[in-house]
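Colleague: The structure follows.
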Amino acid sequence: MSASGPLEPSTVLGVSGPVGPDEPSAEGSISRLIVTGGASLEGKVRVGGAKNSALKLVAASLLAEGHYRLCNVPRITDVELMSEVLRATGCSVRWEETESTPELVIDVPARIEPVAPYELVEQFRASIVILGPLLARCGEARVALPGGDDFGPRPIDMHVRGLGELGARFEMVHGYIHATAPALVGSKILLEFPSVGATENILMASVLAGGVTVIDNAAREPEIADLCELLNKMGANIIGAGSATLTIEGVAELHSADHTVIPDRIETATYLAAVGVTGGEIIIEGARHDHMAVLCQKLGEMGMRISPDADGLWALAPSRLRSADCPTLPYPGLATDFMPFLVALLATADGVGIVTENLFAGRFRYIDELRRMGADIHTDTHHAVVRGVERLSGAQVKAHDIRAGAALVVAGLGAEGATIVSDAEHVARGYEDLAGKLSGLGADVAAE
Ligand code: EPU
């Protein structure tokens, strides 16, 4: 993929702009993370359920009336927001304490209201995946245009085109996408780029469409395979989960099901980067090596040793890593969500590394923050040239999005002195107690 692909702002339903500044936090409201660098990390940390899977599984429950129990769902702001979106349609959503982690229990009534209101949707990009399930279940959907992370235009033209090929019709009414489809009919859909969200929306609409749908050049992320697994448990007929071709034979009706969310590979990457910055030896319990093999290989090239362990993933890092070049690509390539962590690692690695961001325009804003900490980084369009320095120095910096905020925390772990990350509510959108988990490994991180 090149910068002339999906990086270009689309004229069709283009979306950009910052996230609302006052989002509620799942952990109460945190506004700052304070990191004092220096300690090397040791010990065990348990990774939570994948945000980017849980959000879609919650949306998928709209496809059938009934009682759902989702295990290993992270208690983060975005999940709370998606729960609110379901409540707005008439569902009941609540947390239930269990002996291990709390479970999210969803009751979907026989009739739901096919509306996702602006006040919720504008706060998080993933809300757009409500479109496919609402259309399939109700024959119509009124969804406000979504917000999301502040890293450039994020159009939804592929979602609209794919659902259109299944028979949906769209119009914009007062800032809402109004979609109608009295009867969805299976079709052969070729995505011009393996968009995660477009694949999920088309998939969730097609499970109840008449006949067979084939999605070619589908996204292959583990979170999509997880969604396919839940949908098949609900009675859908999907073949090819985890591959670039999904074949879906529509069924007349689905039923509710229970499911356990896969571990979060981006949270896992956060701990790998943390130990990469500080040096040390950790075990990430519950992590899946097979979901992040290319990242583990890249970190190996940089001098870390990482291998699957009976409990999850074992990682050993020397006191200083070597630089490497890191291009982001759709799965199974190096995920764009790993990129801020890789840049944080390269900032103090030995040598020069070039990072190429191939998915999102404008995802380099946090680099200015890293420069405040003494990083030597030059950016040119979607390339960043990172010259490793011996050590960063703690500074006051700002989180522009979830991963950027977490990467600044990681950078602070290796820096001399204190780093204060403001706008940390972004981090709470995607991490359940990041400060507590890093502290459990011996880091000095506090949330306030
Ligand atoms: N794109 C289009 N048109 C579309 C859809 C996408 O041009 O209709 C472009 C996007 O603008 C972008 C590229 O295609 O340049 C990839 O977008 P994709 O649709 O794959 O991303 P997404 O579904 O919006 C999900 C994750 C992101 C992650 C990306 C890429 C969720 C909730 N979000 O977003 O995760 O970066 O896939 O892997 O699943 C995060 O967790 O912090 C996060 C941002």
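The values are calculated or read from the model by the stated rules, or taken from the named source; none is laboratory data. Since this is a predicted model, take the numbers as computed values, not measurements. Quick reminder, even Gly has a Cβ in these numbers, built from the backbone with ideal geometry, and neighbours come from all protein chains shown. Note: accessible area is taken over every heavy atom of the protein model, side chains too, but ligands, DNA and RNA are not part of it. Shrake-Rupley method; radii C 1.70, N 1.55, O 1.52, S 1.80 Å.
Colleague: Hey, among the residues in region 162-183 that are in contact (Cβ under 8 Å) with a residue 40 or more places away in the chain and under 11 Å from ILE202 (Cα atoms), which one's surrounded by the most Cβ atoms within 10 Å (Cβ to Cβ)?
Modeller: Step by step, filter region 162-183, then rank; the result is LEU163.
Colleague: Among the listed residues ILE112, ILE189, identify the single one that is within 16 Å of the ligand (Cβ to nearest atom), more than 22 Å from ALA50 (Cβ to Cβ) and of a type outside the set (D, E, K, R).
Modeller: Exactly one residue qualifies, and that residue is ILE189.
Colleague: Now for a separate question. State all residues of region 37-68 that are within 11 Å of the ligand (Cβ to nearest atom) and open to solvent by 10 Å² or more (accessible area, probe 1.4 Å); if no residue qualifies, say none.
Modeller: LYS51, ASN52, LYS56
Colleague: Return the total of residues in region 404-429 being open to solvent by less than 10 Å² (accessible area, probe 1.4 Å) and either away from the ligand (no atom under 16 Å from the Cβ) or over 14 Å from ALA39 (Cβ atoms) (or both).
Modeller: 15
Colleague: Can you tell me which condition ASP350 does not meet? The list is (1) surrounded by fewer than 18 Cβ atoms within 10 Å (Cβ to Cβ); (2) within 16 Å of the ligand (Cβ to nearest atom); (3) not small (Gly, Ala, Ser), and all the others hold.
Modeller: Every condition holds for ASP350 apart from (2).
Colleague: Keeping to region 370-394, report how many residues are within 27 Å of TYR331 (Cβ to Cβ) and open to solvent by less than 30 Å² (accessible area, probe 1.4 Å).
Modeller: Residues in region 370-394 being within 27 Å of TYR331 (Cβ to Cβ) and open to solvent by less than 30 Å² (accessible area, probe 1.4 Å): 4 in total.
Colleague: Looking at ARG137, ARG94, which one is more than 16 Å from the ligand (Cβ to nearest atom), buried (at least 18 other Cβ atoms within 10 Å of the Cβ), basic (Lys, Arg) and in the same structural domain as LEU55 (by TED's automatic domain parsing)?
Modeller: ARG137
Colleague: A follow-up question, please. Taking the options PRO308, PRO327, name whichever one is assigned to a strand (DSSP E or B), within 15 Å of the ligand (Cβ to nearest atom) and in contact with a strand residue (DSSP E or B) (Cβ under 9 Å, 6 or more places away or on another chain).
Modeller: Result of the check over PRO308, PRO327: PRO327.
Colleague: Among the numbered conditions (1) at pLDDT 95 or above; (2) more than 18 Å from the chain's Cα centre (by Cα); (3) more than 8 Å from the ligand (Cβ to nearest atom), tell me where ARG161 comes up short.
Modeller: Of everything listed in (1) at pLDDT 95 or above; (2) more than 18 Å from the chain's Cα centre (by Cα); (3) more than 8 Å from the ligand (Cβ to nearest atom), ARG161 misses just condition (3).
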